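Notes follow once the structure below has been shown.
Every number in this text was worked out from the coordinates using simple rules, so none of it is lab data. Quick caveat: nothing in here was measured; it's all calculated off a predicted structure. Neighbour counts run over all protein chains shown; Cβ positions are idealised from the backbone, glycine included.
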Amino acid sequence: MSNDLSRAFEKLHKAAEGLPEVVEGVSYGTPALKIGNKLLCRIKDAETAVLSCSLEDKQFLLEAAPEIYFETEHYVGWPAILVHLDAISLDELHLRLEQAWLRQAPKTLVKAWKTRHAL
C-alpha cells in the first residue's frame, strides 16, 4: 500500500476506534473496514473514502455539506457516499462510521453496544 493510501486508511481506522468487532479487509482492491463481511468504509483513492450510509442520510449529507460529501454517477442510487478525507473532521468521520456500524452490525451486537453506552 502506498504512503498516501496508508495515511488515508489510518484516518478511517482512527475514526472507527471504539466500534466493536471492526476488522480490516479489502474491497475492490483497496483497504476497507468491515463488520463481519459487511462494508463500513473503504479507501477509493488517497483523497477519497467510500462510506456506507442510508439513502436518506446520503441525500441529507449531500445537501448539507457538499464540501465534504459527494457522489459520482457510479454511486447514484447506492447506499454509499463519497467523502473528501481532507475536508472531514475526525469527529464527523467517527459519527458517520458509527452510523454505518449501527446499520451493518448484527442486531445482538448493536443491542449490547447500545446498552453499554446508555449507562
Under the definition of Cα pairs under 8 Å and six or more residues apart, what whole-number percent is the relative contact order of the stretch 56-119?
22 percent
Between Leu39, Leu95, Leu12, find the one with the highest GNM mean-square fluctuation for the chain; connect C-alpha pairs within less than 10 Å.
Leu95
Going 7 Å from the Cα of Asp4 in the Cα-to-Cβ direction, what parts of the stretch 35-63 have a backbone nitrogen less than 18 Å from that spot?
42-50
Per-selection Rg to Rh, the stretch 3-108 - Cα, Kirkwood hydrodynamic radius:
0.92
Under the Karplus relation with 6.51, -1.76 and 1.60 and θ = phi - 60°, whole-Hz ³J(HN,Hα) for the stretch 105-113, x at Gly and Pro, equal 6, x, 4, 5, 5, 4, 4, 5, 5
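If each DSSP helix of 4+ residues adds -39,500 (n - 2.57) and the sum is divided by the residues in the chain, what number results at 222 nm, nearest 500 deg cm²/dmol?
Numbers: 4 runs with 50 residues, N = 119.
Computed ellipticity for the chain at 222 nm equals -13000 deg cm²/dmol.
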Between the modelled labels at Lys111 and Phe70 (7 Å from Cα along Cα→Cβ) the distance in nm is 4.3 nm
Under a 10 Å cutoff between Cα atoms, tell me which one of Asp91, Asp57, Asp45 has the largest fluctuation in the Gaussian network model of the chain.
Asp91
Residues of the stretch 79-97 with amide N under 15 Å of a point placed 7 Å along Cα→Cβ from Gln59
79-80
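If exposed GluC sites (Glu not before Pro) are those in a DSSP loop with at most 12 other Cβ within 10 Å, what is the longest stretch of the chain that has none?
Working: sites that count: Glu17, Glu21, Glu67.
Answer - 68-119.
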